[in-house]
Amino acid sequence: MATEAHQCLDIEANRAAVALARAVVEATAKERGITRGSLEKKIDRLFEDKLIREYVRDAAHEVRFGGNEVAHGDLVAEPMNNATATEILGLMDEILDEVFQSPARVARLKRQRLDREQRLKNADAVAPSGTAAPGEAASTETTLSGTEEPPF
């Protein structure tokens, strides 16, 4: 739906773009399991559940207001201009980023870090005696006196 909203914006079908942006906000809440109540309550619940930050909640309400305006207002009184529709879709994009993209980026980077840590741990565990594990300096000493501790 977000792609379709942008396509509408590209051809200056501004009302359609804004109506779709509102639908995207509602679909986002539903995707996160928030299915009851008005869109206003769904947006507030996204915030309460810490799925969006305060300013993104405010952005979502602005998208909702814009969608309500084109859906319930007098369509001939004052048409939705392209600049306003562009702003509203920008807010829609921020909401999508906050709910879907940003958490996915964090999860991907965390997974990569944990994989690196595991590879290093595995490499340390299999390093042969007398050789340096990755990240350690190789020992130049080949014999130990009776009072020295082994280098591992």
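The values are calculated or read from the model by the stated rules, or taken from the named source; none is laboratory data. Bear in mind the structure is a predicted one, so any value in this text is a computation, not a measurement. Please note: Cβ atoms are built from the backbone with ideal geometry, for glycine as well, and neighbour counts cover all protein chains shown. For accessibility, only protein heavy atoms count, side chains too; no ligands or nucleic acids. Shrake-Rupley method; radii C 1.70, N 1.55, O 1.52, S 1.80 Å.
Below are the figures for this structure:
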| quantity | calculated |
| --- | --- |
| Scan of the range 42-83 for residues that are among the acidic types (Asp, Glu) and in contact (Cβ under 8 Å) with a residue 40 or more places away in the chain, ordered by number | Glu69 |
| Helices (runs of 4 or more DSSP H) within the range 39-132 that include 2 or more residues small (Gly, Ala, Ser) | 54-72, 82-96, 102-126 |
| Selected residue (criterion: modelled with the lowest pLDDT) from residues of the range 110-152 that are open to solvent by 100 Å² or more (accessible area, probe 1.4 Å) and either among the small types (Gly, Ala, Ser) or within 18 Å of the chain's Cα centre (by Cα) (or both) | Ser129 |
| For Val24: the one exception among (1) at pLDDT 95 or above; (2) outside any loop (DSSP other than H, G, I, E, B); (3) surrounded by fewer than 19 Cβ atoms within 10 Å (Cβ to Cβ) | (3) |
| Test result for Ala107, at pLDDT below 90 and either touching a helix residue (DSSP H, G or I) at 6+ places or on another chain (Cβ under 8 Å) or open to solvent by less than 60 Å² (accessible area, probe 1.4 Å) (or both) | no |
